[in-house]
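In what follows, a structure is listed as structure tokens, so that the remarks can point back to it.
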Amino acid sequence: MGKYNHKEIEQKWQKIWEENKVVKIDKDDTKNKYYVLDMFPYPSGDGLHMGHTESYTASDVFYRFKKMQGFNVLHPQGFDAFGLPAENFAIKTKVHPAQTTEKNINNYIRQMKSLGLNYDFDEQAVTSDPKYYKWTQWIFEQFYKNGLVYKRTQKTNWCSSCQTVIANEQVVNGECERCGTKIEQKEIPGWFFKITDFADDLIDGLDKVDWPEHTKKNQINWIGKSEGAKITFKLTSNSQQLTENIEVFTTRPDTLFGATYMVLAPEHSLVTELKDQIANWGEVEKYIEETKNKTELDRLEAKEKTGVKLEGIFAINPANKEEIPIFIADYVLGGYGTGAIMAVPAHDERDFEFAKKYNLPVVQVVSIKDSFYRSVVWGWGENETVKDLIELGINILEKVETNTGAGEIIFKIEIPKDKIESFVELIEKKLKPLYWNEFIGESGITFIFKHKDNKVEKINLSKETEDKIDRLTYEFFNEHPVPKDYKRKESVWKHYSEVENGFYKDLIIHSEKGMLINSEQFTGINSEEAKQKITEFVGGEMTSNYRLRDWSISRQRYWGCPIPIVYSPEGEAQLIPEEYLPWTLPTDVDFKPTGVSPLGDSKEFKERTEKIFGKGWTPEYDTMDTFVDSAWYFLRYPDIHNEKEFCSETRKKWLPVDLYIGGAEHTYMHLLFARFFTKAMHKIGLISFDEPFLKLRHQGMVLDAQGKKMSKSKGNVVNPDEMIKRFGADSVRTYMLFAAPLEDEVIWNENNIVGIYRFLEKVWKIKSVVFASSGATAEERGNPASSLEKQNKVKNLLHKTIKKVSGDIENLKYNTAVSSMMILINEMEKVEEINKEDYESFLKLLSPFAPHITQELWEQLGNESLIQNESWTEYNKDLAKDDTYKIAVQVNGKVRDEIEIEEGTDEEDVKKKAFESKIIQKWLEGKEPKKVIYVKNRILNVVVDNSNK
RNA sequence: GCCGGAGUGGCGGAAUUGGUAUACGCGCACGACUCAAAAUCGUGUCUCGCAAGGGAUGUGGGUUCAAGUCCCACCUCCGGCACCA
């Protein structure tokens, strides 16, 4: 047997796999199905990057594992082939995007094969293939027929560089996600998907999928649901009611009586509509212009709030009928809610800031005081006090350092009504011992009072509690125990009033819920109740508001899926009948962007339309956002060649996807869109499930040796081809998964991959000590008798490793799976001979990670089958069991000795054995153990009392 | 500012989910083989200490027989969001 030659082996087996069509599965057999899916790549000219190799290897390992476990595994791959880079390339070089794309796809396929990834490329989904996008168009039409698609003109994000509209979700910090150009606002007609119809479903559905928690949270935040009310404010000018109204969305209708002014976003349409009534129009117009020039970033970075009052018009607060001023200010955004707010400065920090600056009235309408008692407490040690108070459910409002004594700390606190008794108990408990230990200077006492009608009142406590407080107070300030004839003294209450003054001056701006005050007939009820009642009272409507907006899918680009719509000579939109699908992309176009869709150039496209629909009919020139293509591709794989349906009923049994692996960068858009498609198609009745991906895992980024992101501009991009050439696919695969947990970042350090290479070389070499099982004894084979014992040890470790690796793969903890196989190999290395079956079992374990070398060795052992078609070795429970355990013996929690016990030794015997240890006896110093804790096969902890000497 | 994640040797990381911290790999040091080097193999490698023993999982406190793991406060780094009414 020669040296391990990765190149030769990998080429040999990749060819054999191809010839034997190992990737073929029977797609009609869904009885024992498992669907593992990768996020398909965009076929860029740069080829695969290292991030792909990690994620695709991760799924390939899982696929091979599940396959060996007897599942029929669908593990497809495809290409998200529409998109801007190919089009931009075409603009530059005149090479048609279809050509570029095909070339790139072939390169990707070559690279994937060279990594040993088993995909069936006869079954690939390519989104730019008419056979694929026929169904993208078909689904569009189903959505259209079911009212999920609409057209409207809208202020949209316009990228002047890409000459196209950018979805809200694709704008990053006011800049185009792809090219970084500043986004302008432009009015453009376009088609929208009603994703907001599914906002609640998109939130609720997350409950039933196995996804990373942070991904779920991010999706929920992205959807951004808030519950509140829509309330209408009437307007007046010169005491005359105007026809226009201002509608606001508020999450706090309970604070309506505190709304002392209103703010419109400068871009709010009402502002210009009211031009004639606005006395200071010049000033207002100037502010609007200024705002237009500000990017969103400018607006949010502004340290100080700015705005302009609309002179001459007022709004009527529908709750108390008071006239309140109206401002425009850029801290209110046009794009969220209704673009207008009612400002309640007492209960919103931003409104308060603005009110302070423009000297607007602040009316408190929610009191948190009446449901709490406010108090001051001297702490008994900072951390401890904080902890105790929080545990009791007491809010700490503020920490006040004072100079009343060395190291004193005073906290202002709020005590919920129902906690008062336990609070008194706490201070009594904490102060008494401190007092007796003469730490009185650091201890504290409390005063309890509450605010009511602008007055401070001592609260009504039971006589008993009141006495307790008084006594403690007295003790503290007089520094001696309560005399028998104790009576409340003046000095105590003097302190009280000082505190009262310092405290009472504070105006507390809070956004808590509480008890309503200054709210006429609603005074005295709580916020939650008031929300409903006040909304009802002013004729408003309880509703939800979402951050999520409908999905704008129209793009003025060439290289995308044509929207299957034509317009009548009167301009009416009509779906293209199904029989004409796929509605193909014309080829006679110029790619140069002109701000209008390049499809408008095509003579053929126009002629085709007129030929089918009649003279004067025109096609829709826009193409679809490429996120549409990728929003449903996973539904196509099971039945990719079906020309009659996007997927037949029998093949739908493959769905949904069992495991989906891909980058965390798709947390928002792609995953949200795919979920929307699934839910929409479910609602229409096209599929029977409403969540596309049951289990989702992300792979981390691959960074360079310095831990930096790889990028072309930095010139630190590692080329997978080169790595495969140098180290072999098996090493690259295994290293990627060994270097870090799947979801963590992987540092690509060439110096470290040699560890994996050495490991594979060891695996290779160990074959030479494998013997075929026969009747001969070890001695007869020329090996020492001790060999058998060692072999049994290896067998035991082997079965433990099988157990470990199986569990780790199942949980995608590949890094520890690899390390445990290394441990096994290190042990195998030490024995003179290895049983063939044991070695074969090991090869099977390693085969998902390093499929080539294991296959080669498998063959060299005389097997004619393919190792990937073998069944996964189950571990033998008895063989994986340990006969003896080393357990740690602790005295007072510190490890002092180690004893060896046999499996099944009962607790008493373990104790007996432990106490026999001289070391333990030494540490026990002849004392009786207070307590002995035994954790089976792990640890024995002996607790002795050594406080007294 | 808010949300999320993380902090363990020189480095990547492990720790049976509260039970012997530092597995595995890299690197480094020494040794063997060699004329020599590479490769390979062996030994060692958290820290203080001759040892007995002590100290270490960002910092401080707490719960527990027992804490990297749980609780509280703080610090640092990474990612995401951005005045959401």
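Any residue at all in segment A:883-893 that's of a type in the set (Gly, Ala, Ser), within 12 Å of RNA strand B (Cβ to nearest atom) and part of a loop (DSSP other than H, G, I, E, B)? Yes, some residue in segment A:883-893 is of a type in the set (Gly, Ala, Ser), within 12 Å of RNA strand B (Cβ to nearest atom) and part of a loop (DSSP other than H, G, I, E, B).
Here's the yes/no breakdown for (1) away from RNA strand B (no atom under 13 Å from the Cβ); (2) among the β-branched types (Val, Ile, Thr); (3) in a helix (DSSP H, G or I):
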{"residue": "A:Val805", "(1), (2), (3)": "no, yes, yes"}
{"residue": "A:Leu812", "(1), (2), (3)": "no, no, no"}
{"residue": "A:Met821", "(1), (2), (3)": "no, no, yes"}
{"residue": "A:Leu824", "(1), (2), (3)": "no, no, yes"}
{"residue": "A:Glu827", "(1), (2), (3)": "no, no, yes"}
{"residue": "A:Glu832", "(1), (2), (3)": "yes, no, no"}
{"residue": "A:Tyr839", "(1), (2), (3)": "yes, no, yes"}
{"residue": "A:Phe842", "(1), (2), (3)": "yes, no, yes"}
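Taking every residue in segment A:39-57 that is part of a helix (DSSP H, G or I) and pairing it with any residue that is surrounded by 18 or more Cβ atoms within 10 Å (Cβ to Cβ) and aromatic (Phe, Trp, Tyr), at least 6 positions away or on another chain, the pairs with Cβ-Cβ distances below 9 Å are A:Met50/A:Trp748; A:His52/A:Tyr108; A:Tyr56/A:Tyr119; A:Thr57/A:Tyr814; A:Thr57/A:Phe849. One residue stands out among those in segment A:521-556 that are among the aromatic types (Phe, Trp, Tyr) and under 30 Å from A:Lys151 (Cβ atoms): the one that is nearest to RNA strand B (Cβ to nearest atom), which is A:Tyr546. When segment A:903-915 is filtered for residues that are surrounded by fewer than 13 Cβ atoms within 10 Å (Cβ to Cβ) and not in a loop (DSSP other than H, G, I, E, B), the ones remaining, listed by number, are A:Glu907, A:Glu908, A:Asp909, A:Lys912. Does A:Ser711 meet the test of being in contact with a His (Cβ under 9 Å, 6 or more places away or on another chain) and among the hydroxyl-bearing types (Ser, Thr, Tyr)? Taking the combined requirement at face value, the residue does not satisfy it.
None of A:Asp204, A:Asp197 is assigned to a helix (DSSP H, G or I) and surrounded by 14 or more Cβ atoms within 10 Å (Cβ to Cβ) except A:Asp197. Given the structure, is A:Asp80 farther than 27 Å from A:Ala740 by Cα, under 24 Å from the mean Cα position of the chain (by Cα) and buried (at least 18 other Cβ atoms within 10 Å of the Cβ)? For A:Asp80, the condition - farther than 27 Å from A:Ala740 by Cα, under 24 Å from the mean Cα position of the chain (by Cα) and buried (at least 18 other Cβ atoms within 10 Å of the Cβ) - is met. Within segment A:916-930, the residues that satisfy the criterion of being within 11 Å of RNA strand B (Cβ to nearest atom) and surrounded by 12 or more Cβ atoms within 10 Å (Cβ to Cβ) are A:Ile919, A:Ile920, A:Lys922, A:Trp923, A:Pro929. Restricting attention to segment A:750-773, the residues being surrounded by fewer than 17 Cβ atoms within 10 Å (Cβ to Cβ), at pLDDT below 85 and β-branched (Val, Ile, Thr) number 1.
Suppose the filter is out of contact with any helix residue (DSSP H, G or I) (no Cβ under 9 Å at 6 or more places or on another chain) and within 20 Å of A:Ala343 (Cα to Cα); does A:Phe249 pass it? Taking the combined requirement at face value, the residue satisfies it. Residues in segment A:13-46 that are modelled with pLDDT of 95 or more and hydroxyl-bearing (Ser, Thr, Tyr) were compared, and the one that is farthest from A:Pro720 (Cα to Cα) is A:Tyr34. Scanning segment A:28-86 for residues that are among the aromatic types (Phe, Trp, Tyr) and farther than 22 Å from A:Ala664 by Cα returns A:Tyr34, A:Phe65, A:Phe71. Among the candidates A:Ser648, A:Ser713, A:Ser688, the residue that is at pLDDT below 90 and more than 19 Å from A:His52 (Cα to Cα) is uniquely A:Ser713. Applying the criterion of being within 14 Å of RNA strand B (Cβ to nearest atom) and surrounded by 19 or more Cβ atoms within 10 Å (Cβ to Cβ) to the residues of segment A:366-387, the residue that is modelled with the highest pLDDT is A:Val366. In this structure, does A:Val942 turn out to be among the β-branched types (Val, Ile, Thr) and surrounded by fewer than 11 Cβ atoms within 10 Å (Cβ to Cβ)? For A:Val942, the condition - among the β-branched types (Val, Ile, Thr) and surrounded by fewer than 11 Cβ atoms within 10 Å (Cβ to Cβ) - is not met. Residues in segment A:655-669 that are within 16 Å of A:Phe40 (Cα to Cα) and at pLDDT below 90: A:Gly662, A:Gly663, A:Ala664, A:Glu665, A:His666, A:Thr667, A:Met669. The residues of segment A:592-632 that are aromatic (Phe, Trp, Tyr) and in a helix (DSSP H, G or I), listed by number, are A:Phe605, A:Phe613, A:Phe627. Among the helices (runs of 4 or more DSSP H) confined to segment A:678-779, the ones with at least 1 residues that are more than 16 Å from RNA strand B (Cβ to nearest atom) and free of Cβ contacts under 8 Å to residues at least 60 places away in the same chain are located at A:720-727. Based on what the data block shows, is A:Thr306 within 9 Å of RNA strand B (Cβ to nearest atom) and hydroxyl-bearing (Ser, Thr, Tyr)? Taking the combined requirement at face value, the residue satisfies it.
Within segment A:684-716, being touching a helix residue (DSSP H, G or I) at 6+ places or on another chain (Cβ under 8 Å) and more than 19 Å from A:Asp38 (Cβ to Cβ) holds for A:Ile684, A:Leu686, A:Ile687, A:Ser688, A:Phe689, A:Asp690, A:Ala705, A:Met710.
Within segment A:350-361, which residues are in a helix (DSSP H, G or I) and more than 8 Å from RNA strand B (Cβ to nearest atom)? Hits for segment A:350-361 are A:Phe352, A:Phe354, A:Ala355, A:Lys356, A:Lys357.
When segment A:894-914 is limited to residues that are over 16 Å from A:Asn937 (Cβ atoms) and without any contact (Cβ under 8 Å) to a residue 12 or more places away in the chain, the one that is nearest to RNA strand B (Cβ to nearest atom) turns out to be A:Lys894. Take A:Ile324 and decide whether it is more than 27 Å from A:Glu184 (Cα to Cα) and more than 12 Å from RNA strand B (Cβ to nearest atom). Considered against the rule, which asks whether it is more than 27 Å from A:Glu184 (Cα to Cα) and more than 12 Å from RNA strand B (Cβ to nearest atom), A:Ile324 comes out as yes. The set of residues from segment A:641-664 being more than 16 Å from RNA strand B (Cβ to nearest atom), over 21 Å from A:Asp690 (Cα atoms) and not basic (Lys, Arg) comprises A:His641, A:Asn642, A:Glu643.
The values are calculated or read from the model by the stated rules, or taken from the named source; none is laboratory data. Quick caveat: nothing in here was measured; it's all calculated off a predicted structure. All Cβ positions, even for glycine, are placed from backbone atoms using ideal geometry, and neighbour counts span all protein chains on display.
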